[in-house]
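Below is one structure, written out as structure tokens; the observations come after it.
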Amino acid sequence: MSTNPLDNPLDRKSQAWSALFSEPMSELVQRYTASVFFDKRLWQADIQGSLAHARMLSAQNIISVQDLASIERGMAQITQEIESGAFDWKLALEDVHLNIEARLTQLVGDAGKRLHTGRSRNDQVATDVRLWLRGEMDLIAGLLVELQKALVQIADKNVEVILPGFTHLQVAQPVSFGHHMLAYVEMFARDGQRLADVRKRVNCLPLGAAALAGTSYPLDRDMVARALGMVDESGQPQVCQNSLDAVSDRDFAIEFAAAAAVCMVHISRLSEELIIWMSQSFGFIHIADRFTTGSSIMPQKKNPDVPELARGKTGRVVGHLMGLITLMKAQPLAYNKDNQEDKEPLFDTVDTLKDTLRIFAEMVGGITVKPEAMERAALKGYATATDLADYLVKKGLPFRDAHEVVAHAVKSASATGVDLSELPLAVLQSFNPTIEADVFEALSLRGSLNARSTLGGTAPVQVRAQIARHRARLAA
Ligand code: ARG
């Protein structure tokens, strides 16, 4: 029977790391310092990192090929145990790393104890988090594409649907509903770019930094980086170049949280619009019933719970960014246990963002647009006033003067509660004699929309061009 405390973790009174300690940890301290009940989520990355490390140790003749074979066999069994739910996670073994290593040693003996040669939990955990996060970021990138595709699709169906565009939530100018949806496509496209950029810095190898200073063993860090796919676009291995920095900084996690927070803010803005548009006062859209809930007291209610929750969850993701960045503040080099606190906010950020993107891609596909309600609203707030000013400019008036003429016209129309287009030609001419019958085309919603054909404008011809660009980009 081995005397190594790792072999019989539950029998021993001291902790996994050493015989140095003369008294056991209290139950409370053990629970306070342990992370296994959340960081066990990193198990796949932990095993992947350990196997890459072990293969390199063997290639460098630091451990034997037999030891490597034993480690591989042990890890295969552990994988199967974890996947089947049979693995016995032990709080006394503190974290995912010590749990897996202890089980490995139980299974394969001394070979298991050799795995940690030239390695520390400090570079191990930094590697695990990076590997795990990289995988999640790739999933998130895919979900962002799905959401953009859904938005492009609804945009495509509604290029000619006109709603009032708002500034200050006051009716401003008519815009195409397709154009409005494409505004969010732009936001989510940038979110995707931001993630792709952060990924480059996530995808860099800490292993080899050991506890903080590097190690005396002749490790081949490039080999490990290659094995773990930590390479740049040209296939060059990406290895953290300073051991102190490698084990201690979590800026990659902060950057990810920042990108996630920005993305959630975009989701939250969209949520706010869906909620407003679905209200009785607007009535612009209908969200499929499966994304809404009823009220326990008011039988008539259909509440947009999904967008409301997404708006609410944005607060929590922004909070995680604050948590992570504050966690890093004032930490001296190198590793400090503070960093164990990076995991829960990171995990929750990933979960929240993934769930939200998934549900939004589905929900956008379930939106019913009500074009009549939108057009009715667009006809209300003098949305084509700018078009009258532009018309006068074409007749030779300086824009500022035209602006003044239109202000008088709007004042007069609103006194009688009619739209500019409903004023008789003679009345319009009383504000400026250059006005002719063709003004009514300029004052129509459609005329206004068609006129805004600068690149990136709301004219259907521009919106269609943008849809084509997005389709090509998203392969949709
Ligand atoms: N559970 C630890 C963490 O998440 C692993 C690293 C522990 N290292 C140490 N020196 N105590 O950060």
Of all residues making up the stretch 30-44, the number that are within 10 Å of the ligand (Cβ to nearest atom) and open to solvent by 10 Å² or more (accessible area, probe 1.4 Å): 3
Every listed condition ((1) within 29 Å of Ala261 (Cβ to Cβ); (2) in contact (Cβ under 8 Å) with a residue 60 or more places away in the chain; (3) in contact with a Pro (Cβ under 9 Å, 6 or more places away or on another chain)) holds for Ile154 save (3)
Test for Ala415: is it within 20 Å of Val159 (Cα to Cα), small (Gly, Ala, Ser) and either assigned to a helix (DSSP H, G or I) or touching a residue at least 60 places away in the same chain (Cβ under 8 Å) (or both): no
If you check Leu107 against the conditions, is it surrounded by fewer than 22 Cβ atoms within 10 Å (Cβ to Cβ) and away from the ligand (no atom under 12 Å from the Cβ)? yes
In the stretch 337-351, the residues that are within 12 Å of the ligand (Cβ to nearest atom) and either open to solvent by 30 Å² or more (accessible area, probe 1.4 Å) or in contact with a Cys (Cβ under 8 Å, 6 or more places away or on another chain) (or both): Lys337, Asp338, Glu341, Glu344
Out of (1) in contact (Cβ under 8 Å) with a residue 12 or more places away in the chain; (2) surrounded by fewer than 17 Cβ atoms within 10 Å (Cβ to Cβ), what's the single condition that is false for Met187? (2)
When the residues of the stretch 282-312 are filtered to those that are small (Gly, Ala, Ser) and touching a helix residue (DSSP H, G or I) at 6+ places or on another chain (Cβ under 6 Å), which remaining residue is nearest to the ligand (Cβ to nearest atom)? Ala310
Are any residues in the stretch 45-97 closer than 25 Å to Gly135 by Cα, within 16 Å of the ligand (Cβ to nearest atom) and open to solvent by 20 Å² or more (accessible area, probe 1.4 Å), and if so, which ones? Trp89
Considering each of Ala172, Ala155 in turn, give the residue that is more than 30 Å from Asp67 (Cβ to Cβ), away from the ligand (no atom under 16 Å from the Cβ) and surrounded by fewer than 24 Cβ atoms within 10 Å (Cβ to Cβ). Ala172
Which condition from (1) over 27 Å from the mean Cα position of the chain (by Cα); (2) within 29 Å of Arg452 (Cα to Cα); (3) touching a residue at least 24 places away in the same chain (Cβ under 8 Å) is the one that His168 breaks? (3)
Scanning the stretch 271-314 residue by residue, the ones that are over 26 Å from Ala261 (Cα atoms), in contact (Cβ under 8 Å) with a residue 24 or more places away in the chain and open to solvent by less than 40 Å² (accessible area, probe 1.4 Å) total 4
Please list, ordered by first then second residue, the pairs with beta carbon atoms under 6 Å, 6 or more apart or interchain, first in the stretch 122-144 and at negative phi, second within 14 Å of the ligand (Cβ to nearest atom) and aromatic (Phe, Trp, Tyr). Asn122/Tyr335
Tell me yes or no: at least one residue of the stretch 462-475 is within 15 Å of Ile162 (Cβ to Cβ) and open to solvent by less than 60 Å² (accessible area, probe 1.4 Å). yes
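Results for (1) more than 16 Å from the ligand (Cβ to nearest atom); (2) at pLDDT 95 or above; (3) in a loop (DSSP other than H, G, I, E, B), shown as yes or no for each residue.
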position: Thr314; (1), (2), (3): yes, yes, no
position: Val318; (1), (2), (3): yes, yes, no
position: Tyr335; (1), (2), (3): no, yes, yes
position: Leu353; (1), (2), (3): yes, yes, no
position: Thr368; (1), (2), (3): yes, yes, no
position: Met374; (1), (2), (3): yes, yes, no
position: Ala383; (1), (2), (3): yes, no, yes
position: Asp401; (1), (2), (3): yes, yes, no
If we keep only residues of the stretch 215-248 that are open to solvent by 20 Å² or more (accessible area, probe 1.4 Å) and within 16 Å of the ligand (Cβ to nearest atom), then the residue farthest from Trp132 (Cα to Cα) is Thr215
Taking first residues from the stretch 434-459 that are open to solvent by 40 Å² or more (accessible area, probe 1.4 Å) and second residues anywhere that are in a loop (DSSP other than H, G, I, E, B), the pairs with Cβ under 6 Å that are 6 or more apart or on different chains are Thr434/Lys395; Asn450/Ala459; Arg452/Thr458; Arg452/Ala459; Ser453/Ala459
Could you name every one of the helices (runs of 4 or more DSSP H) located completely within the stretch 2-67 that has at least 1 residues being at pLDDT below 95? 27-33
Residue list for the stretch 110-124, restricted to those being outside any helix (DSSP H, G or I) and surrounded by fewer than 23 Cβ atoms within 10 Å (Cβ to Cβ): His116, Thr117, Gly118, Ser120
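The values are calculated or read from the model by the stated rules, or taken from the named source; none is laboratory data. Quick caveat, the model's predicted, so the values are computed rather than measured. Every residue, glycine among them, receives a Cβ derived from its backbone with ideal geometry; neighbour counts consider all protein chains shown. Side chains are part of the model used for accessible areas, which takes the heavy atoms of the whole protein and leaves out ligands, DNA and RNA. Shrake-Rupley method; radii C 1.70, N 1.55, O 1.52, S 1.80 Å.
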